[in-house]
1. Which is at pLDDT 95 or above, farther than 30 Å from D433 by Cβ and touching an Asp or Glu at 6+ places or on another chain (Cβ under 9 Å), of A150, A157?
2. Which of the residues spanning the range 284-332 are polar (S, T, N, Q) and away from ligand 3 (no atom under 16 Å from the Cβ)?
3. List the strands (runs of 3 or more DSSP E) that sit entirely inside the range 343-455 and contain at least 1 residues that are in contact with a Lys or Arg (Cβ under 9 Å, 6 or more places away or on another chain) and within 16 Å of ligand 1 (Cβ to nearest atom).
4. In the range 258-292, what count of residues is obtained for those that are within 14 Å of ligand 1 (Cβ to nearest atom), assigned to a loop (DSSP other than H, G, I, E, B) and buried (at least 19 other Cβ atoms within 10 Å of the Cβ)?
5. Out of the range 163-198, which residues are part of a helix (DSSP H, G or I) and aliphatic (A, V, I, L, M)?
6. Give me a count of the residues in the range 293-302 that are part of a loop (DSSP other than H, G, I, E, B) and within 16 Å of ligand 1 (Cβ to nearest atom).
7. Quick one: how many residues across the range 404-432 are of a type in the set (A, V, I, L, M) and surrounded by fewer than 24 Cβ atoms within 10 Å (Cβ to Cβ)?
8. Pick out the one residue from A400, A434, A417 that is of a type in the set (A, V, I, L, M, F, W, C), at pLDDT 95 or above and out of contact with any strand residue (DSSP E or B) (no Cβ under 9 Å at 6 or more places or on another chain).
Amino acid sequence: MNGPEPRFNDDFLSQLPAELRPEEVLLPPHGDQHLRRRECLAAWIAAQGGGVVVLCAGEEIIRNRDNPFPFRSHSDFLYMTGFPEPDAWWIMRVDAKGESESILACRPRDPEREIWDGVRVGPQRAAERFHMDRAISIESLDDTIIELAANMPAFYAHMGIHAELDEKLRHWLNALRAKGRAGVNAPDRIVDISQAIARQRLIKDNFEVATMQRAADISAQAHRRAMRFTTPGHHEFEIEAELLHHFRAAGAQSVAYGSIVASGPHSCILHHRAGSRRIRDAELVLIDAGCELDGYASDITRTYPASGKFSGAQRAVYDVVVAAQEAAIAATRPGAAFSEPHDAAVRVLAQGMMDLKLVKNQSLDGLIESGDYKRFYMHRTGHFLGLDVHDVGDVNTPLAQGMVMTIEPGFYIRPAADIAQEFWNIGIRIEDDALVTAEGARLLTRGVPVNADEIEGLMRG
Ligand code: GLY
Ligand code: MN
Ligand code: MN
């Protein structure tokens, strides 16, 4: 008797031991967190009278010829589905009573393409794995949405982000309007879903906090490695290579943003990407780098002396930034305004500018009110952190437990005739990631030290 014919599909592959199967695309993280997030959104949509949510993952973008940029889904899509492939859509129909149906549309299996690009989940497997009511091929996306949206009051979608989605909304609406004589009502509203999802993403669930802690640990270790590696004579790109090596060796899929490795005068350029400059003795090195792990960002900055020993002027400015960060950390607690940590840091930094005689003839309040301190501190002290490094969230909301934000004061002194030369090209930023808890800020990134003596000790070691 003949056995089942070997075929390039699930039925056959699933009977093989795991070690004989090609590696599969990322599975969703264990747990039902995506399902719970969708239920939460569904409750909100029901309270608005119901509607049809449509989110798209985005598509692969070509970098040059046949070579795409690494694909990474839109963060809202990732948050609601955990599904990692391009050309995927998530649809959720919610009625006014809160009954909902969740549907994932994804690329069909394709033996030819899978030989080149890797295994696809495919609609047959996607529903169960990603906790959906059903999954369909993207080829039936339009028909499915037109059917689901009949007699529904609204579409909930991103507006003005994906050209393809904007165009499809027009197409779906017109297809539904064309059914008017058959008694079908088309939705009469398109509601931008961004803010509703941002409100959810702003408060991290336990799964997210655990993932962000792991990302923070990897990045902190990478910073330690880069500090220990640094000596005068290295190029900035060599320091970057140390960071990247550790990120990938520890399992992070990507950087959360382009790594900043800024030596000497570059330390006063806020977003200087690691370049080909050779680091000199007596200079500072500012590293602002973090990995992305399972979709979540980490964001750490440390500044240290290339020689392993701060000069007197470097140390004086450094300690002002440490004190500013401590003040901002103390101001990071539930109920505080988003601006309070920034205001606290500015006060300490401005006092430091006066103490170091970098500004003259001003009172502390005068220096702050005039904004003259911005010559040396021109950015904000933090931002929300999550799936995006500059994460979504309304900064007019008071701080609350479960938010994650950065605390990153800086001090940047460019050469100028009115500045003592010992301060020239001292650019310092210290950045940690903080979870807001009932007790205040819990720092996720102190696996790498901040204290100047500890940094010098680490570099000597
Ligand atoms: N790495 C960019 C920032 O700190 O916001
Ligand atoms: Mn940051
Ligand atoms: Mn940063």
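The values are calculated or read from the model by the stated rules, or taken from the named source; none is laboratory data. Just so we're clear, the structure is a prediction, and the values are computed from it rather than from any experiment. Backbone-built Cβ (ideal geometry, glycine too); neighbour counts: all protein chains shown.
1. Values: A150 fails: touching an Asp or Glu at 6+ places or on another chain (Cβ under 9 Å).
Only one candidate qualifies: A157.
2. Residues of the range 284-332 that are polar (S, T, N, Q), as a first pass: 298, 301, 303, 307, 311, 314, 325, 332.
Answer for the range 284-332, where residues must be polar (S, T, N, Q) and away from ligand 3 (no atom under 16 Å from the Cβ): S307, S311, Q314, T332.
3. Working: elements: 404-407, 410-413, 426-429, 432-437, 440-443.
Counting at least 1 such residues, we get 404-407, 410-413, 426-429, 432-437.
4. 4
5. Narrowing the range 163-198 to residues part of a helix (DSSP H, G or I): 163-177, 180-182, 194-198.
A163, L165, L169, L173, A175, L176, A182, A196, I197, A198 - these are the residues of the range 163-198 that are part of a helix (DSSP H, G or I) and aliphatic (A, V, I, L, M).
6. Of the range 293-302, the ones part of a loop (DSSP other than H, G, I, E, B) are 294-295, 298-299.
Cutting the leftovers down to within 16 Å of ligand 1 (Cβ to nearest atom) gives us 298-299.
Counting residues in the range 293-302 that are part of a loop (DSSP other than H, G, I, E, B) and within 16 Å of ligand 1 (Cβ to nearest atom) gives 2.
7. Here is the first cut: in the range 404-432, the ones of a type in the set (A, V, I, L, M) are 404-405, 407, 413, 416-417, 419-420, 426, 428, 430.
Filter once more, keeping what is surrounded by fewer than 24 Cβ atoms within 10 Å (Cβ to Cβ): 413, 416-417, 419-420, 430.
Residues flagged as of a type in the set (A, V, I, L, M) and surrounded by fewer than 24 Cβ atoms within 10 Å (Cβ to Cβ) within the range 404-432 amount to 6.
8. Values: A400 fails: out of contact with any strand residue (DSSP E or B) (no Cβ under 9 Å at 6 or more places or on another chain); A434 fails: out of contact with any strand residue (DSSP E or B) (no Cβ under 9 Å at 6 or more places or on another chain).
Within the list A400, A434, A417, the selection yields A417.
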